[in-house]
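Below is one structure, written out as C-alpha cells; the observations come after it.
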Amino acid sequence: QSQVSRIFRGQVHRHTVTLEKICKYARVKSVKVTPDDVRNSDVLINALSDVWDGTDQDAQALAGVIRSLQALRSPSTK
C-alpha cells in the first residue's frame, strides 16, 4: 500500500516492473523514465554497445528507431 501511495504522489525513485504493473492496472501513464534509469539498465546499455558504431549519425538513427517503438504500444500502456 505504501508503494502504491508513493506512486500516485509521484514520488518514484526508479522505474520497476511493479511500477509498470500498477500503472497498467490503474490505466495511467507511467512516470517518466529518468536518464539515470536508462544508465542503470544493463539490458539497454548492452544492446546499444552491440549495435552503435560510435558516430553521432548512428546515435540519431538508433534514437529514431527507439522512439518509433512507442507507436507499437497499446493506448493503455502509453
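The values are calculated or read from the model by the stated rules, or taken from the named source; none is laboratory data. The model shown is predicted, which means the values in this text are computed figures rather than measured ones. Ideal geometry is used to build each Cβ from the backbone, glycine not excepted, and the neighbour counts take in all protein chains shown. The accessibility values were calculated without ligands, DNA or RNA, using every heavy atom of the protein model including side chains. Shrake-Rupley method; radii C 1.70, N 1.55, O 1.52, S 1.80 Å.
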Bins of 5 Å, starting at 0 and running to the largest distance - Cα pair percent for the stretch 36-76: 5, 20, 21, 28, 18, 6, 2, 0
Which value, in Å² and to the nearest 10, is the accessible area of LEU72 when all protein chains are kept and the probe is 1.4 Å? 140 Å²
Set the Förster distance to 35 Å, then compute FRET efficiency between HIS13 and VAL51 from the Cβ-Cβ distance, nearest 0.05. 0.75
